[in-house]
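Please read the structure below before turning to the comments.
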Amino acid sequence: MKIVAVTISKEPIDWPLQGIPHYVSYESIHATRNNPYRYVSEMARIRNQAVKTALELYPMTEHVLVCDSYYVEQPAALRQLISDYNGECLLGGALWGLNRVTFPQVFKCQIEWCDTWSVPDCAGHRYSLDTHHYKTVNHRTGLWNVSSVGGVFIFPRQVWEVGTRFGMYEDLHGCEFNYFCEHTNLPKMVDFNAAFFRETVYPALKCLRVSLHLGRFRFWRKPA
């Protein structure tokens with residue numbers, strides 16, 4: 001199976017999988033999440049150009065692995081995703097966020113599904129976390145059908161060749177990933193055996209606001 005990986009990044013990154021070529025787009029994103037219409041539009045354009053360039057550089061590619069920079073340095077999960085991919089679907093990784101507050105004694109840390117915009121089907125799925133070990137509780141395993149996948153997924157090149165592209169919905173009912181997924185009839189699945197992690201840091205005051213349902217705040221930072 002000939003796969004090329006595609007990543008958008010602000011800085012140089014090390015690709016951990018030998019034998020799988022990796023193209024990185026360093027194009028600047030001239031938008032912020034404060035303007036979601038412009039942000040999603042920009043991301044769609046940059047992702048489309050990145051995949052186009054990768055396929056031009058590696059014309060024998062049969063499948064494309066989209067991998068956001070947050071998840072590049074997680075080789076075990078990447079290998080698991082590739083191993084479970086059958087070539088006839090859009091297969092995404094399980095995207096977990098470690099929610100942490102600046103004063104851990106105040107609130108218990110927990111791991112929950114971190115991308116509910118791209119993959120609303122997985123909202124509510126959680127891990128538990130103690131102070132020393134990751135522990136799974138009622139953790140789903142295997143493949144699960146979803147409406148869309150998120151920041152790490154593999155798709156057959158034929159999806160691209162028939163004209164499927166990243167894009168933006170005017171009502172923003174999804175981001176560029178949802179647009180891509182909803183324009184192909186192939187099955188979309190999340191691989192819960194391929195677990196990818198990000199970390200969320202909540203200042204204690206904002207965590208309190210969340211607990212009181214006064215607003216939700218997410219501030220992501222790349223794991224060390």
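The values are calculated or read from the model by the stated rules, or taken from the named source; none is laboratory data. Since we're looking at a predicted model, the values are computed, not measured. In this analysis, Cβ positions are derived from the backbone assuming ideal geometry, glycine residues included, and neighbour counts consider all displayed protein chains.
Here are some notes:
- Number of residues in the range 55-76 that are among the aliphatic types (A, V, I, L, M) and under 25 Å from G174 (Cα atoms) equals 4.
- Test: E182 is over 22 Å from W96 (Cβ atoms), among the acidic types (D, E), at pLDDT 95 or above and surrounded by 13 or more Cβ atoms within 10 Å (Cβ to Cβ): yes
- Single residue of K222, K206 found to be modelled with pLDDT under 95 and closer than 21 Å to Y70 by Cα: K222
- All conditions in (1) surrounded by fewer than 16 Cβ atoms within 10 Å (Cβ to Cβ); (2) closer than 26 Å to Q80 by Cβ; (3) charged (D, E, K, R); (4) modelled with pLDDT of 95 or more hold for K135, with the sole exception of (4).
- Cβ-Cβ contacts under 8 Å between residues 6 or more apart (or on different chains), taken from a first residue in the range 139-168 that is more than 12 Å from G93 (Cα to Cα) to a second residue that is of a type in the set (K, R) and in a loop (DSSP other than H, G, I, E, B), are absent.
- Per the listing S28, S41, the residue uniquely farther than 20 Å from F153 by Cβ, small (G, A, S) and in contact (Cβ under 8 Å) with a residue 40 or more places away in the chain is S41.
- Given (1) surrounded by fewer than 17 Cβ atoms within 10 Å (Cβ to Cβ); (2) of a type outside the set (D, E, K, R); (3) more than 20 Å from V159 (Cα to Cα); (4) modelled with pLDDT under 95, index of the condition M1 fails: (3)
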